[in-house]
Amino acid sequence: MGRSQNRSINEALNWAEVTASRLVNCYYHELSGRWAKELAWQSGNTLESLANFVSLTDSPLKYVFHNTYSKTDIYAGGDCYDDHQWWLLAWMQIYNVDRDIKYLKRAAAIYDVVSKKAWTTATCNGGIQWCPTRDYKNAITNELFLSSSMRLHPYAALLGKPSTYYLDWALKEWQWLEQSGMINSYYLINDGLR
């Protein structure tokens, strides 16, 4: 790697640090563990973005992870199962950055709520429903569940689950999604079944 390329990378990382610092200093609400002016589920996305940034640098901003963990619970994302899973993915990325097992266990606890309460065959012969009060099956909620299942799979033993627990859920979800009718002939996933 040449000097100018190193300089460009360092400059990009410096700007990313400035942006992340402003995001935390101007919008992060330390008492709630969320970002101001965002919906609850969006703070899960922002938290994951911060974790993605911290994975590139040894930023002091990672204090946000512990603070958010201590100020929120497994229902921090909101009322619907897609909301929960945005936070699940954030905790997974945080665990990749800061190997504290509590982050992985938080992700697994959210997953347990979704897999136990949201999977139902009563509507559409399976799949994850969007919200507890709505039997609607949408693409995002089910795609998030598929992704969550795959991302948790390598940690099954660490989480006290059978070795194929998350893999079995991923396969079950994929088989349902593939046969649901949401995937059209162009492999575009259309949103929504009733």
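The values are calculated or read from the model by the stated rules, or taken from the named source; none is laboratory data. This one's a predicted model, so the numbers in the text were calculated from it and none came from an experiment. Cβ: placed from backbone, ideal geometry, glycine included. Neighbour counts: every protein chain shown.
Just a few scattered comments:
- Test for residue 50: is it surrounded by 14 or more Cβ atoms within 10 Å (Cβ to Cβ), in contact with a Leu (Cβ under 9 Å, 6 or more places away or on another chain) and under 24 Å from residue 140 (Cβ atoms): yes
- Residue list for the range 127-153, filter: among the basic types (Lys, Arg) and not in a helix (DSSP H, G or I): 134, 137
- The range 99-137, residues that are of a type in the set (D, E, K, R) and either in contact with a helix residue (DSSP H, G or I) (Cβ under 6 Å, 6 or more places away or on another chain) or buried (at least 24 other Cβ atoms within 10 Å of the Cβ) (or both): 106, 137
- Listed by first and then second residue, the pairs linking a residue in the range 10-21 that is of a type in the set (Gly, Ala, Ser) to a residue that is in a helix (DSSP H, G or I) and surrounded by 11 or more Cβ atoms within 10 Å (Cβ to Cβ), with Cβ atoms under 6 Å apart and 6 or more places separating them unless they lie on different chains, are 16/53; 20/53; 20/61.
- Residue 21 being among the small types (Gly, Ala, Ser), modelled with pLDDT under 95 and either in contact with a Gly (Cβ under 9 Å, 6 or more places away or on another chain) or in the same structural domain as residue 83 (by TED's automatic domain parsing) (or both): no
- Of all residues in the range 158-176, those being more than 19 Å from the chain's Cα centre (by Cα) and surrounded by 16 or more Cβ atoms within 10 Å (Cβ to Cβ) number 3.
- Pairs where the first residue, in the range 120-144, is of a type in the set (Val, Ile, Thr) and the second is assigned to a loop (DSSP other than H, G, I, E, B) and crowded, with 18+ Cβ neighbours inside 10 Å, C-beta under 7 Å, 6+ apart: 120/129; 123/129; 128/118; 141/130
- Look at (1) assigned by TED's automatic domain parsing to the domain that holds residue 168; (2) within 14 Å of the chain's Cα centre (by Cα) and you find that residue 86 fails only one, number (1).
- For residue 141, the conditions (1) surrounded by 15 or more Cβ atoms within 10 Å (Cβ to Cβ); (2) farther than 25 Å from residue 51 by Cβ all hold with the exception of (2).
- Residue count for the range 53-79, restricted to those that are under 20 Å from residue 132 (Cα atoms), touching a residue at least 40 places away in the same chain (Cβ under 8 Å) and surrounded by fewer than 19 Cβ atoms within 10 Å (Cβ to Cβ): 1
- Taken as a whole, the condition of being more than 14 Å from the chain's Cα centre (by Cα) and surrounded by fewer than 13 Cβ atoms within 10 Å (Cβ to Cβ) applies to residue 36.
- Evaluation of residue 187 against the conditions (1) over 26 Å from residue 94 (Cα atoms); (2) part of a helix (DSSP H, G or I); (3) free of Cβ contacts under 8 Å to residues at least 12 places away in the same chain shows that the sole unmet condition is (2).
- Enumeration of residues in the range 44-84 that are more than 19 Å from residue 114 (Cα to Cα) and in contact with a strand residue (DSSP E or B) (Cβ under 7 Å, 6 or more places away or on another chain): 46, 64
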